[in-house]
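Report on the following structure.
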Amino acid sequence: MCLAIPGKVIEIRDENGLKMGTVDISGTLTKACLEYVPEIAIGQYTIVHAGFALKIIDEEEAAESLKLWDELIKSGAFDTGHDLPPSSR
Amino acid sequence: MQLSCPAPILQHETVQMAHGAGGRLSQELTARIFMPHLQNAFLDQLDDQARFDAEPGQIAFSTDTYVVSPIFFPGGNIGELAINGTVNDLAVGGAVPRYLSAGFVLEEGLPLAELETIVRSMAESARKAGVMIVCGDTKVVQKGQCDKIFINTSGVGFIPDGINVSCRNLKPGDAVILSGTIGDHGMAVMTTREGLSFQSRIKSDTAALNGMIRDVLDVVPGVHAMRDPTRGGVAATLNELASSSSVGIELEESAIPVREEVRGAAELLGIDPLTVANEGKMLLIVPEADAEAVLAVMRANEHGREAVRIGKVVEEHPGMVVMRTPFGSRRIVEMPLGEQLPRIC
Amino acid sequence: MKFIDEYRDPERARALLDRIRRKAVHEWTIMEICGGQTHSIIRNGIDQLLPPTVRLVHGPGCPVCVTPLETIERALAIASKPGVILASFGDMLRVPGSSKDLFMARSEGADVRIVFSPLEALQIARDNPQKEVVFLAVGFETTAPANAMAVWQAAREGIGNFSELVSQVMVPPAMSAILSSPGNQVQGFLAAGHVCAIMGWEEYEPVAERFHVPIVPAGFEPVDLLAGILQVVEMLEEGRTGVVNAYGRVVSREGNPQARKIMNEVYEVADRPWRGIGVIPASGLVLCEAYARFDAEKRFDVGHIAPQESPLCRSGEVLQGHLKPSDCEAFGRECTPLTPLGATMVSSEGACAAYYKYHRNTTF
């Protein structure tokens with residue numbers, strides 16, 4: 001329901017008494033309200049929805065879970081060597 | 001004592017209703033803004049029509065009207081679009097574009113300096129594309145009746161004998177070639193539009209492609225079809241081609257080049273780059289045997305450096321464009337509905 | 001793009017799919033609640049890649065789709081009043097009322113504007129003090145804090161010419177309604193990752209316990225969705241219920257308390273009609289007493305407008321997962337994106353529109 005895109009906070013400022021910031025999404029900069037992530041710092045990634053930062057992305061968690069998947073793939077726990085058989089649907 | 005009427009102001013800073021009324025101010029506008037930039041042997045005649053000799057082959061004739069907000073955007077302005085767009089519409093038919101007309105609808109109050117910048121860009125673009133603006137017209141409407149400036153350009157070109165490029169020529173087995181990244185123009189305009197809180201480095205790709213097309217046709221005269229994917233983007237153009245030729249088109253999602261910042265903006269706005277307008281890109285449908293030769297010619301041109309093969313024409317699903325995802329699944333690439341809207345969900 | 005490309009990696013997706021194929025021994029029906037997830041599933045063809053034992057049904061999680069007809073009609077009535085600027089998100093403007101949408105109202109002279117953020121609507125109000133600016137505030141819990149902030153800030157700055165026509169809905173009551181409906185086939189859920197970014201997952205635990213289902217908050221990229229589906233399948237096969245998070249980089253158990261604080265200050269829970277479904281108790285948010293002066297419904301006296309739906313449209317059954325869009329009689333005939341009968345065909349996130357767009361038939 002809710003399109004929310006990850007980006008990096010590159011600027012923090014005050015606008016009309018609200019904590020606002022600029023978020024860089026692959027070179028496109030968008031304005032975002034940072035009131036709901038008050039502890040966010042420049043350089044951190046957040047996820048933007050309707051002009052609001054929803055959450056600071058937990059980079060450590062992300063890296064760890066990806067590493068876990070990739071180790072499992074490498075260990076052969078998954079069979080990725082063949083193309084997927086055509087689905088019945 | 002000497003009585004004198006106040007002299008009318010001739011040196012205006014902005015467009016006035018009288019600039020379109022055909023009197024002295026109209027002449028003034030022509031002399032001050034249009035002629036210094038556009039002057040050529042045809043316009044110098046000051047006749048009501050341009051006359052030129054026909055060349056051998058077929059005559060190609062095209063028209064398009066340009067309305068864009070904002071009129072200045074990163075990478076170009078409405079004037080460049082108006083020239084490049086009509087040049088490209090002629091060129092993708094296999095024609096050598098030659099002569100253009102330019103019709104202006106100006107909104108009262110448009111700064112003359114902005115008009116001059118636009119006219120200068122048109123002159124430069126025409127020079128680069130090797131075409132001449134041979135006739136023109138200007139009307140002024142009251143404030144609020146148009147958005148700053150609308151431009152119509154029509155163009156004439158000549159198709160050499162032996163060239164037959166048409167949207168009805170697609171054959172199963174043909175290769176689908178794209179000249180470079182998609183979505184640049186539409187996203188450049190969308191992210192500069194007032195009111196939306198964006199800023200981006202995205203630049204419009206507006207460019208005349210007739211030079212590159214000439215080079216391609218010189219090497220491979222048997223190109224089946226060419227189109228410039230403007231409004232509605234690659235999705236609309238390929239759907240039109242598929243249905244005109246009653247064939248299917250199959251695309252490889254991972255092969256379609258999209259600039260990182262265009263992707264970012266597209267993700268943020270929830271818009272598919274395939275449906276976003278381009279103003280300096282072309283799609284070519286060529287026999288598979290010629291594909292590599294065409295790619296080599298295109299990559300040697302500044303507007304085709306990133307040319308790639310993005311798919312093929314197939315017998316199955318006539319009239320339909322199908323995308324193969326990187327995951328091995330497939331989806332229909334639908335004809336876009338209309339205006340692309342930013343969405344939150 | 002960081003935090004996107006990693007989760008679109010074909011190799012990772014293939015590995016997860018292989019795992020799902022091997023784990024899904026029995027037949028399972030899983031609902032992704034969120035329309036954004038539906039969109040991603042259809043766009044990436046994930047439903048074609050799943051084994052025949054795993055059936056996905058699409059949920060009601062599209063705020064545009066479930067916004068009741070009466071809200072659209074009220075918005076149209078407000079927009080047509082002189083001196084009003086009506087603003088909303090782009091996808092809201094194409095949703096049909098009984099006879100027209102907000103774009104058509106604009107072509108008739110109404111001042112209707114697209115905004116990306118509710119704070120842009122507030123800025124329009126600051127810039128146009130002589131006009132009444134009404135923001136059509138639709139959304140699930142993800143958008144509620146943003147929509148609440150616009151009102152909260154308007155109150156703080158004393159911006160009197162701003163108001164909201166609120167159509168806020170919430171996921172857990174809808175989930176309970178689906179699970180307790182007599183024809184229910186749903187055995188497990190992917191919960192909407194961005195709703196959970198705000199709400200956390202605590203409130204899903206009683207739902208999981210009461211209905212004995214697994215609920216898995218998941219993200220929106222193919223790898224995220226497959227990881228979520230795998231988690232649900234594993235829990236179903238092992239007979240486990242409860243909530244397990246599959247979107248750790250964004251969702252935590254407690255969600256975002258700062259966001260909820262403003263949301264709870266400005267809005268309060270109320271019964272809410274869902275388009276195509278009907279009233280679901282305690283499933284919506286309305287402006288609470290202290291902010292009632294920002295309620296556009298009261299300010300413009302449009303509360304009495306209550307129109308009737310097209311009898312052909314079965315979007316209610318689609319939204320509850322009882323019917324696939326392509327099984328509806330009107331699908332692709334009377335009802336297309338150009339002539340939508342119901343909101344599920346209008347919003348690009350609606351299940352009917354997604355089916356129409358990406359695989360309205362499977363002959364390819």
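State whether one or more residues within segment C:38-52 are more than 14 Å from chain B (Cβ to nearest Cβ), within 16 Å of C:Y355 (Cβ to Cβ) and not charged (D, E, K, R). Checked against the condition, which is being more than 14 Å from chain B (Cβ to nearest Cβ), within 16 Å of C:Y355 (Cβ to Cβ) and not charged (D, E, K, R), segment C:38-52 yields no hits at all. Can you find, within segment C:132-158, the residue that is farthest from the chain's Cα centre (by Cα) among those that are surrounded by fewer than 24 Cβ atoms within 10 Å (Cβ to Cβ) and more than 10 Å from chain A (Cβ to nearest Cβ)? Looking at residues that are surrounded by fewer than 24 Cβ atoms within 10 Å (Cβ to Cβ) and more than 10 Å from chain A (Cβ to nearest Cβ), I get C:G158.
Specify the residue that is farthest from B:R343 (Cα to Cα); the eligible residues are those in segment C:17-37 that are surrounded by 24 or more Cβ atoms within 10 Å (Cβ to Cβ) and at the interface with chain A (Cβ under 9 Å from one of its Cβ atoms). By that ranking, first place goes to C:L17. Those strands (runs of 3 or more DSSP E) of segment A:1-71 in which 3 or more residues are open to solvent by 30 Å² or more (accessible area, probe 1.4 Å) occupy A:5-15. Within segment C:159-172, being open to solvent by 10 Å² or more (accessible area, probe 1.4 Å) and assigned to a helix (DSSP H, G or I) holds for one residue alone: C:P172. Of everything in segment B:302-345 that is touching an Asp or Glu at 6+ places or on another chain (Cβ under 7 Å) and away from chain C (no Cβ under 12 Å), the residue that is nearest to A:G51 (Cα to Cα) is B:I310. The criterion of at least 3 residues that are under 22 Å from C:Q320 (Cα atoms) and in contact with a Pro (Cβ under 9 Å, 6 or more places away or on another chain) is met, among helices (runs of 4 or more DSSP H) falling completely within segment C:194-306, by C:205-211, C:222-237.
Looking across segment C:259-301, the residues that are open to solvent by less than 60 Å² (accessible area, probe 1.4 Å), β-branched (V, I, T) and under 18 Å from the mean Cα position of the chain (by Cα) come down to C:I277, C:I280, C:V286.
Sort out which residues of segment B:315-332 are in a strand (DSSP E or B) and open to solvent by 10 Å² or more (accessible area, probe 1.4 Å), and write them in order of number. B:R324, B:R330 - these are the residues of segment B:315-332 that are in a strand (DSSP E or B) and open to solvent by 10 Å² or more (accessible area, probe 1.4 Å). With respect to the conditions (1) over 22 Å from B:S69 (Cβ atoms); (2) surrounded by fewer than 18 Cβ atoms within 10 Å (Cβ to Cβ); (3) more than 16 Å from the chain's Cα centre (by Cα), B:M132 falls short on a single one, namely (2). Taken over segment B:60-74, residues that are in contact with a helix residue (DSSP H, G or I) (Cβ under 7 Å, 6 or more places away or on another chain), of a type outside the set (S, T, N, Q) and not in a loop (DSSP other than H, G, I, E, B) amount to 4.
Exactly one residue out of B:E279, B:E292 is among the acidic types (D, E) and not in a loop (DSSP other than H, G, I, E, B), and it is B:E292. Of the set (1) without any contact (Cβ under 8 Å) to a residue 40 or more places away in the chain; (2) surrounded by 23 or more Cβ atoms within 10 Å (Cβ to Cβ), all apply to B:L209 but (1). Evaluating C:R94 against the criteria (1) in contact (Cβ under 8 Å) with a residue 40 or more places away in the chain; (2) open to solvent by 40 Å² or more (accessible area, probe 1.4 Å); (3) touching a Pro at 6+ places or on another chain (Cβ under 9 Å); (4) within 14 Å of chain A (Cβ to nearest Cβ) leaves one unmet condition, (4). Inspection of segment B:266-284 identifies at least one residue that is within 30 Å of A:H49 (Cβ to Cβ), open to solvent by 10 Å² or more (accessible area, probe 1.4 Å), modelled with pLDDT under 95 and among the small types (G, A, S).
The values are calculated or read from the model by the stated rules, or taken from the named source; none is laboratory data. The structure presented is a predicted model; accordingly, all values stated were derived computationally and were not measured. Please note: Cβ atoms are built from the backbone with ideal geometry, for glycine as well, and neighbour counts cover all protein chains shown. Keep in mind that these areas ignore ligands, DNA and RNA; they rest on the heavy atoms of the full protein, side chains included. Shrake-Rupley method; radii C 1.70, N 1.55, O 1.52, S 1.80 Å.
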